[in-house]
Amino acid sequence: MIKSVFQIERAKYAPKMPKALAGSVQVIEGGKTNSVADQEEIKKFFPGTYGMPIITFEEGAVETSYPSLNVGVILSGGQAPGGHNVISGLFDGLKKLNLSNKLFGFLGGPAGLVNHQYLELTSDIIDEYRNTGGFDIIGSGRTKLEETAQFDKGIKICKQLEIKAIVVIGGDDSNTNACVLAEYYLQKNTGIQVIGCPKTIDGDLKNEMIEASFGFDTACKTYSELIGNIMRDANSAKKYWHFIKLMGRSASHIGLECALQSHPNVCLISEEVAEKKQTLEQIVNEITDIVVKRSQNEETFGVALIPEGLIEFIPEIKTLIDELNELLAEGTTSAEKFQSLGSNTEKRDYIIDTLSSQSSKVFASLPNGISRQLTLDRDPHGNVQVSRIETERLLIEMVEKRLAELRRNGLKVKFSAQNHFFGYEGRCAAPSNFDSDYCYSLGFVASLLIANGKTGYLASIRNTIAPASEWIPGGVPITMMMNMERRSGEMKPVIQKALVRLDGAPFTEFAEKREEWAIETSFVYPGPIQYWGPSAVSDATTKTLQLEKVKK
């Protein structure tokens, strides 16, 4: 592997760890736990792993010897900065427990477990990937572990390789599947443990015990650098509005964090839109008002941040999408009729005539390009692929349309816009010091949970705004984070997503400042991630985490 000077120097970085993990470790167990909601239903699904205690690891007085064991690791779902350090921490933790321990990586995500594709991870391989971004050490995938046939194939390869535990590194869905797998293996008395590690740049896998999902820190700093660069350009050229769509379909944590770091003129928060039941027209009018006020101040430029999933949070659009999903469902008469029509105009007219009156009105108000995306881009289940809808372009076109109306009434206003989508740019960045340290500790903790016979747990690191030496390592039962939600037409147990809390400190801070940021040019230019230098800069956590923990 050819390495840049940065990679060579970065490989020398030794992740900082909680003091509690430096020597011998003792296990402290708390009281019985309950799921966050729907306790009786969750307990029925997970009779063996429900109610387990929270685990805390503290400094021990006596060195413990552990028998040798083999462990498998899976990277599941989308990439997030720090995944390689989770595996590095897991590897080092296992070797510290017993030098004979072995780590096997299943290739291409959960499919590697099912299809028996694996690689033994040796020190030579691990050392090539320390402190690097990406998931390329073993690859990832989105295969869901949901069927008993898959679980049984996993048992077969685990017996063949003498694997006693599997570590699943993934988000809420992946760790929900990990919990199902843990319960199944426990009930079948296989002796195979399953441990999870919390990953997602979207930041929606968190609670009191999981203060942050790994990758969020690095991704937000990466996006904020890019936003700051665009802000500097906008402030220099003084002629463009930049509409920037950011990752975050289910929650707006990334948009909120980037807003706190960079101070844009507009930042939409999907959860607030849903709470206020805002219409698309209201959102467009709010943005237009800001454009007009800035133009009147001869500030004919600006930056607007748009969460990827915004369109699903607008009540009228959500209703429209639901109706379209039914209307164009595969095999229905309406879908066949739609497909038989020739021109795009005919198809558009058919949709307008067939929808309910309210949804028909909303659909007709959309630009042709967006309305076509709503009818043509379907996922394998026949549903609209919302992530492909160019929401930022939609808002630009509708603001332009509204401004044209105002100009016809005599208002003079300048508006020229550019659109951007920051997504893949942040998923595989070299992890920040925080994510490097946090991920390494998560992996190390996973090895201790395994060594102490635990299953159905998620590795946990708390007190993360303190120096790493003061972090509190432990484990939380996955069932503790679960509730019942409707998935694919039926109620299923899943880890509850953490949405932006409108009464939380990060949103409150943003809400107090956004009117000022809207009219004044208050841009902040965060600059690139700093890996060396003063700790206040290189080890800084996100604004979100600081506000959540400091203002409690």
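Take the residues in the stretch 411-440 that are closer than 19 Å to residue 221 by Cβ and in contact with a strand residue (DSSP E or B) (Cβ under 6 Å, 6 or more places away or on another chain); name whichever of them is surrounded by the fewest Cβ atoms within 10 Å (Cβ to Cβ).
Once the filter is applied, the top-ranked residue is 420.
Which members of the stretch 399-432 meet the condition of being over 27 Å from residue 7 (Cβ atoms) and either in contact with a Leu (Cβ under 7 Å, 6 or more places away or on another chain) or polar (S, T, N, Q) (or both)?
Across the stretch 399-432, the qualifying residues are 409, 413, 415, 416, 418, 419.
Restricting to the stretch 165-204, what's the tally of residues that are of a type in the set (Lys, Arg) and in contact with a strand residue (DSSP E or B) (Cβ under 6 Å, 6 or more places away or on another chain)?
1
Is it true that some residue in the stretch 420-443 is in contact with a Gly (Cβ under 8 Å, 6 or more places away or on another chain), outside any loop (DSSP other than H, G, I, E, B) and farther than 30 Å from residue 88 by Cα?
No: zero hits.
Quick check on the stretch 27-46. Is at least one of its residues more than 30 Å from residue 484 (Cβ to Cβ) and either touching a residue at least 12 places away in the same chain (Cβ under 8 Å) or not charged (D, E, K, R) (or both)?
Yes, the stretch 27-46 contains at least one residue that is more than 30 Å from residue 484 (Cβ to Cβ) and either touching a residue at least 12 places away in the same chain (Cβ under 8 Å) or not charged (D, E, K, R) (or both).
Name the single residue that is farthest from the chain's Cα centre (by Cα) among those in the stretch 11-39 being under 22 Å from residue 464 (Cα atoms) and of a type in the set (Lys, Arg).
Per the criteria, the residue is 19.
Is one or more of the residues making up the stretch 495-505 touching a residue at least 60 places away in the same chain (Cβ under 8 Å), touching a Gly at 6+ places or on another chain (Cβ under 9 Å), in a helix (DSSP H, G or I) and more than 17 Å from residue 19 (Cβ to Cβ)?
Checking the stretch 495-505: not a single residue is touching a residue at least 60 places away in the same chain (Cβ under 8 Å), touching a Gly at 6+ places or on another chain (Cβ under 9 Å), in a helix (DSSP H, G or I) and more than 17 Å from residue 19 (Cβ to Cβ).
Of the residues 477, 467, 473, which single one is assigned by TED's automatic domain parsing to the domain that holds residue 204 and touching a Pro at 6+ places or on another chain (Cβ under 6 Å)?
Matching residue, one of 477, 467, 473: 473.
Could you run through the stretch 263-293 and say how many residues are buried (at least 19 other Cβ atoms within 10 Å of the Cβ), in a helix (DSSP H, G or I) and in contact with an Asp or Glu (Cβ under 9 Å, 6 or more places away or on another chain)?
Looking only at that region, the number is 2.
Can you name the residue in the stretch 356-371 that is buried (at least 19 other Cβ atoms within 10 Å of the Cβ) and closer than 16 Å to residue 338 by Cβ and, of all such residues, is nearest to the chain's Cα centre (by Cα)?
371
Of the conditions (1) under 26 Å from residue 438 (Cβ atoms); (2) touching a residue at least 40 places away in the same chain (Cβ under 8 Å), residue 122 satisfies every one except a single condition; which number is it?
Evaluating residue 122 over (1) under 26 Å from residue 438 (Cβ atoms); (2) touching a residue at least 40 places away in the same chain (Cβ under 8 Å) leaves (2) as the failure.
Does residue 383 satisfy being at pLDDT below 85 and under 28 Å from the mean Cα position of the chain (by Cα)?
yes
I need the full set of residues from the stretch 223-249 which are within 20 Å of residue 309 (Cα to Cα) and buried (at least 21 other Cβ atoms within 10 Å of the Cβ), in order please.
Of everything in the stretch 223-249, those that are within 20 Å of residue 309 (Cα to Cα) and buried (at least 21 other Cβ atoms within 10 Å of the Cβ) turn out to be 223, 224, 227, 242, 243, 244, 245, 246, 247, 248.
Determine whether residue 154 is within 23 Å of the chain's Cα centre (by Cα) and either within 21 Å of residue 492 (Cβ to Cβ) or at pLDDT 95 or above (or both).
When the stated conditions are applied, residue 154 does not pass them.
Of the residues that sit in the stretch 144-165 and are touching a helix residue (DSSP H, G or I) at 6+ places or on another chain (Cβ under 7 Å) and buried (at least 19 other Cβ atoms within 10 Å of the Cβ), which one is farthest from residue 482 (Cα to Cα)?
Looking at the filtered set, the residue picked out is 157.
Give me the strands (runs of 3 or more DSSP E) completely within the stretch 1-98, filtered to those with at least 2 residues that are surrounded by fewer than 23 Cβ atoms within 10 Å (Cβ to Cβ) and assigned by TED's automatic domain parsing to the domain that holds residue 192, ordered by residue number.
Correct list: 25-29, 55-59.
Provide a single number: the residues in the stretch 283-308 that are farther than 21 Å from residue 246 by Cβ and either charged (D, E, K, R) or free of Cβ contacts under 8 Å to residues at least 40 places away in the same chain (or both).
Qualifying residue count, the stretch 283-308: 5.
Please give the strands (runs of 3 or more DSSP E) falling wholly within the stretch 161-248 in which 2 or more residues are in contact with a Cys (Cβ under 8 Å, 6 or more places away or on another chain) and in the same structural domain as residue 480 (by TED's automatic domain parsing).
So the answer is 163-170, 193-198.
The values are calculated or read from the model by the stated rules, or taken from the named source; none is laboratory data. All figures in this text were calculated on a predicted structure; none of them were measured in a lab. Virtual Cβ from ideal backbone geometry, glycine too; neighbours counted across all protein chains shown.
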